[in-house]
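> Supplied in structure tokens, the structure appears directly below.
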Amino acid sequence: MVFRKVDRWIPSIVFSSPRLMGWLVFATLLMLTLFLSFAEYQLKLSEEREKVNLKLNEVEKTLENALSDGISAAKTLGIFAQYQDDLIQNFDTIAEQILESNALVDAIQFLDSGTIVAIYPLAGNEKAIGYDLLKDSSKREDVLESIRRKEVYFAGPFRLVQGGIAIIGRYPFFEKGKLKGLSASVILFDKLLESESFNQKNLEDFEVQLSKSRSDSGVVESFVHGPSSEKPTGHTSSVFLPIGDWSLSVQLKKSTALQDVYWMLTLGLFVSSFLGIAAWNSARQPLLLRKKLAEQSQEILLANERFELASNATSDVIWDWDISTGKVYRSEHFFFLLGYDVNSATSNSSFWQSIIHPEDEKKVNDRLSDTLDGADRYWSQEFRVRKADDTYAYVIDKGYIIRNSEGKAIRMIGAIQDISIRKAAERELIELNQRLSRANEELRVFASLASHDLREPLRMISSFMSLLEKKYGPTLDQKANQYISFAIDGAKRLSILINDLLEYSKVGFDPGLIEDIDTNRLVQEVLKLKAFLLTENKAVVKVENLPPIKGIRIPIQVLLQNLIGNALKYSRQGVNPEITLSGRESKDFWEFSIADNGIGIEADYLEFIFGLSKRLHSKEKYPGNGMGLATCRKIITQHGGKIWVESTPGEGSTFLFTIRKRG
Ligand code: ADP
């Protein structure tokens, strides 16, 4: 149970922390390296120990061979001395025999008490004869030790009186418990060192020491073989030789154990670091991959969300058509737009074909296949489709075509928008336009009726009234004459009204009649027509530089006549009319204004006065029939502009109008 948990969290920790993984691998391998290096080091050390021990054995054996010869020689001579009184006379013969059987002994001595009395071979050793060892403090202790032991005891190595370095084994012999003398065997140390086991070549790697601990002084004297300039570092093995209180030690000059494992340590460190880095790198790969995956998933999620939101924001149906398979993806709005479920039955192009209005089908198919076969990237068409409730919706379908490297259309993405309302409005507009044309036609008919059919009887009334006045005027009383003149005046005004109405109805707009108009000149012509009135009213007219325009000349002239005429007509009593005309050009319009210092207009009527037959004063005070401004508005509207008035009652009015520039 616990293991299973550990099983799970170890990889999760390791893979969530690549650095930890790297360090773990590094530390484990480093520990393994250290362990193996240490084991190798130990092995090398034990090999070196073994080597040293072997050498010690070899050296010890050589030494022991010499010593055993020495013991045997000293003892043999001692026994002879005890039992043969004529030893001195036969010393050379006996000694020669002894030396013969103990080849490693170089000389043999006989001491009376502590004094050397005989030496074999004598040659070269003469100096030692008569030498009393007990009197020499440096030798005395060794002699006494052999007496104490009653056994052979070796002294040395030391320098002999007669020269050379030697070890000497002395054997005491007694008579009636009293020391009679000593026999001694001399082994030349220098010679011993020349033997096979002490051979320089053999001891090349070692240092051999024969040390002696003196029981009296406790001083350790070392006799070193193979001295080296450097202090030895290798293993030391020693053995104690009681026969001379020696400690024989062999030491390896230089231990290579550590050196031998250096490469292993270095290699291990390198491999650990390398594998640690490799482990860190491979452990972070899944993490990097996961991070990248998470980023990409996030991007996809965002893109999807954006797509969802965008398709929600627009009420359009978004579609994606795989042309090769015929499969079509459609967004949810498909249901809201047409009432069909977005399912497998509807997700193919043939379903879509089946609901296109039969009258539009050919047009749609022809254009679509033409577009797909061509090189265009965009396709757009308006047509009708049958909804689930069997009614038809007008849609505009727009698509973006994706083509392969050969230009073949492979995919198409687009949107369908319901334009039924717009289409209905368009239809309504068309109908309205048709109605308007009919009304205009009727108005024209009416105008012609008014001009011809109404004018005729009106003229008759007017002429007969004039005849009546002429012929019977003098006979009739004043009241009758006044009635007749009212009738004549009414007939005249009716005639003017019919004329104005006719003018108004005749104002049409034919773009073919548009021409360049020099407005400055046109204004001057109008002023000429009004010259009599202007002079009579002592009017002052100021015309600023006006921009030339494009428009239809006659209606524009009528407009100026009406506005200048009104500025003169609606002047204040006793105040000379002042009229200012100005104009300027803007990006899309020409703008004009005609200002006067007349009676002004109340704010409530600024819009009202532009209506048909709308006027604010009695005909007696200001003659007119209220058709002038209505005609002006009609002219300006047809020129794509606007007309309005700004006024302060009692101070004056400014009429402003614009004319749209045409492309
Ligand atoms: P009419 O002048 O024949 O009455 P209009 O349509 O030209 O008809 O003018 C309508 C009314 O607007 C006029 O009756 C008058 O009351 C007012 N009006 C027009 N121009 C001016 C003006 N310049 N100053 C003051 N009032 C004006």
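> Restricting the first residue to region 231-258 and requiring it to be more than 20 Å from A155 (Cα to Cα) and touching a residue at least 12 places away in the same chain (Cβ under 8 Å), which pairs with a second residue that is in a loop (DSSP other than H, G, I, E, B) and aliphatic (A, V, I, L, M) meet a Cβ separation below 6 Å and a spacing of at least six or different chains?
Close Cβ pairs satisfying both conditions: none exist.
> Within region 112-148, which residues are touching a helix residue (DSSP H, G or I) at 6+ places or on another chain (Cβ under 7 Å) and outside any loop (DSSP other than H, G, I, E, B)?
Of everything in region 112-148, those that are touching a helix residue (DSSP H, G or I) at 6+ places or on another chain (Cβ under 7 Å) and outside any loop (DSSP other than H, G, I, E, B) turn out to be I116, A118, I119, Y120, L133, L134, K139, R140, V143.
> List every residue pair whose Cβ atoms lie under 7 Å apart, where the two residues are 6 or more positions apart in sequence or sit on different chains, the first residue falls within region 306-326 and is farther than 12 Å from S349 by Cβ, and the second residue, located anywhere, is part of a helix (DSSP H, G or I).
S311/H333; S315/H333; D316/H333; V317/H333; V317/F334; V317/L337; I318/S311
> Just checking, which of S613, S586 is more than 22 Å from L527 (Cα to Cα), at pLDDT below 95, within 13 Å of the ligand (Cβ to nearest atom) and hydroxyl-bearing (S, T, Y)? I'd like the intermediate steps shown before the answer.
On the way: S586 fails: within 13 Å of the ligand (Cβ to nearest atom).
The unique qualifying residue is S613.
> Considering every residue within region 171-178, establish whether at least one is among the acidic types (D, E) and in a loop (DSSP other than H, G, I, E, B).
First pass over region 171-178, keeping only residues among the acidic types (D, E): 175.
Checking which are in a loop (DSSP other than H, G, I, E, B) leaves us with none.
No, there is no match, as no residue in region 171-178 is among the acidic types (D, E) and in a loop (DSSP other than H, G, I, E, B).
> Which pairs do you get when a residue that is under 13 Å from F189 (Cα atoms), found in region 48-69, comes within reach of a residue that is of a type in the set (D, E) and in a helix (DSSP H, G or I), reach meaning Cβ atoms under 9 angstrom, with the pair 6+ apart or on two chains?
Going by the 9 Å Cβ cut-off, the qualifying pairs are T62/E196.
> Something else about it: Mind telling me which of the residues L559, L563 ends up being within 9 Å of the ligand (Cβ to nearest atom), crowded, with 16+ Cβ neighbours inside 10 Å and assigned to a helix (DSSP H, G or I)? Spell out how you get there, then give the answer.
On the way: L559 fails: within 9 Å of the ligand (Cβ to nearest atom).
Just one listed residue meets the conditions, L563.
> Take the residues of region 440-460 that are surrounded by 15 or more Cβ atoms within 10 Å (Cβ to Cβ) and modelled with pLDDT of 75 or more: which is nearest to G490 (Cα to Cα)?
Among them, the one singled out is L458.
> Is one or more of the residues making up region 340-363 at pLDDT 90 or above and among the hydrophobic types (A, V, I, L, M, F, W, C)?
Yes, region 340-363 contains a residue that is at pLDDT 90 or above and among the hydrophobic types (A, V, I, L, M, F, W, C).
> Return the pairs, sorted by first residue and then second, in which the second residue is part of a loop (DSSP other than H, G, I, E, B) and within 11 Å of the ligand (Cβ to nearest atom), the first residue lies in region 559-579 and is closer than 14 Å to F655 by Cα and among the aliphatic types (A, V, I, L, M), the beta carbons are less than 7 Å apart, and the residues are 6+ apart or on different chains.
Cβ pairs passing all conditions: A567/P577; A567/D596; A567/G598; L568/P577; I579/D596.
> Among the residues of region 566-579, write down those that are away from the ligand (no atom under 11 Å from the Cβ) and out of contact with any strand residue (DSSP E or B) (no Cβ under 6 Å at 6 or more places or on another chain).
Within region 566-579, the subset away from the ligand (no atom under 11 Å from the Cβ) is 573-576, 578.
Selection gives Q573, G574, V575, N576.
> Let me ask another. Within region 514-538, restricting attention to residues that are more than 19 Å from G628 (Cβ to Cβ) and in contact (Cβ under 8 Å) with a residue 40 or more places away in the chain, which residue is surrounded by the fewest Cβ atoms within 10 Å (Cβ to Cβ)? Break it down into steps so the answer makes sense when it comes.
Residues of region 514-538 more than 19 Å from G628 (Cβ to Cβ): 514-521, 524, 528, 531, 535-536, 538.
Now narrow it down to the ones that are in contact (Cβ under 8 Å) with a residue 40 or more places away in the chain: 514, 519.
Values: I514: 15, T519: 21.
Looking at residues that are more than 19 Å from G628 (Cβ to Cβ) and in contact (Cβ under 8 Å) with a residue 40 or more places away in the chain, I get I514.
> Moving on. Within region 470-521, how many residues turn out to be farther than 30 Å from E544 by Cα and aromatic (F, W, Y)?
3
> Further question: For V541, indicate whether it is within 14 Å of the ligand (Cβ to nearest atom) and either part of a strand (DSSP E or B) or exposed (fewer than 13 other Cβ atoms within 10 Å of the Cβ) (or both).
Details: within 14 Å of the ligand (Cβ to nearest atom): yes; either part of a strand (DSSP E or B) or exposed (fewer than 13 other Cβ atoms within 10 Å of the Cβ) (or both): yes.
Yes, satisfied.
> Of the residues A103, A155, which is among the hydrophobic types (A, V, I, L, M, F, W, C), out of contact with any Gly (no Cβ under 6 Å at 6 or more places or on another chain) and surrounded by 14 or more Cβ atoms within 10 Å (Cβ to Cβ)? Walk me through it before giving the result.
Details: A103 fails: surrounded by 14 or more Cβ atoms within 10 Å (Cβ to Cβ).
Just one listed residue meets the conditions, A155.
> Those residues that are within 12 Å of the ligand (Cβ to nearest atom), under 20 Å from D596 (Cα atoms) and among the charged types (D, E, K, R), I need them from region 616-663; list them, please.
Of everything in region 616-663, those that are within 12 Å of the ligand (Cβ to nearest atom), under 20 Å from D596 (Cα atoms) and among the charged types (D, E, K, R) turn out to be K621, R633, E646, E651.
> Follow-up. Kindly establish whether W644 is crowded, with 20+ Cβ neighbours inside 10 Å, at pLDDT 95 or above and not β-branched (V, I, T).
On the way: crowded, with 20+ Cβ neighbours inside 10 Å: no; at pLDDT 95 or above: yes; not β-branched (V, I, T): yes.
No.
> Within the group L77, L160, which residue is without any contact (Cβ under 8 Å) to a residue 60 or more places away in the chain and under 25 Å from P242 (Cα atoms)? Step through it out loud before you land on a result.
Details: L77 fails: without any contact (Cβ under 8 Å) to a residue 60 or more places away in the chain.
The match here is L160.
> Let me ask you something else. Could you please find all residues in region 509-557 being hydroxyl-bearing (S, T, Y) and at pLDDT below 95? Steps first, answer last, please.
Let us first name the residues in region 509-557 that are hydroxyl-bearing (S, T, Y), namely 519, 535.
Hit for region 509-557 is T535, nothing else.
> Sticking with this structure for a sec: Looking at region 594-610, which of its residues are of a type in the set (G, A, S), more than 8 Å from the ligand (Cβ to nearest atom) and surrounded by 13 or more Cβ atoms within 10 Å (Cβ to Cβ)?
Taking region 594-610 and keeping what is of a type in the set (G, A, S), we get 595, 598, 600, 603.
Now drop any that are not more than 8 Å from the ligand (Cβ to nearest atom), which leaves 595, 603.
Passing the criteria: only A595.
> Select from region 544-556 the residues that are assigned to a loop (DSSP other than H, G, I, E, B) and within 16 Å of the ligand (Cβ to nearest atom) and list them in ascending order.
To start, the set of residues in region 544-556 that are assigned to a loop (DSSP other than H, G, I, E, B) comprises 544-548, 552.
Once the filter is applied, which keeps residues that are assigned to a loop (DSSP other than H, G, I, E, B) and within 16 Å of the ligand (Cβ to nearest atom), region 544-556 yields nothing.
The values are calculated or read from the model by the stated rules, or taken from the named source; none is laboratory data. Quick caveat: nothing in here was measured; it's all calculated off a predicted structure. With ideal geometry, Cβ positions are generated from the backbone for all residues, glycine too; neighbour counts draw on all protein chains shown.
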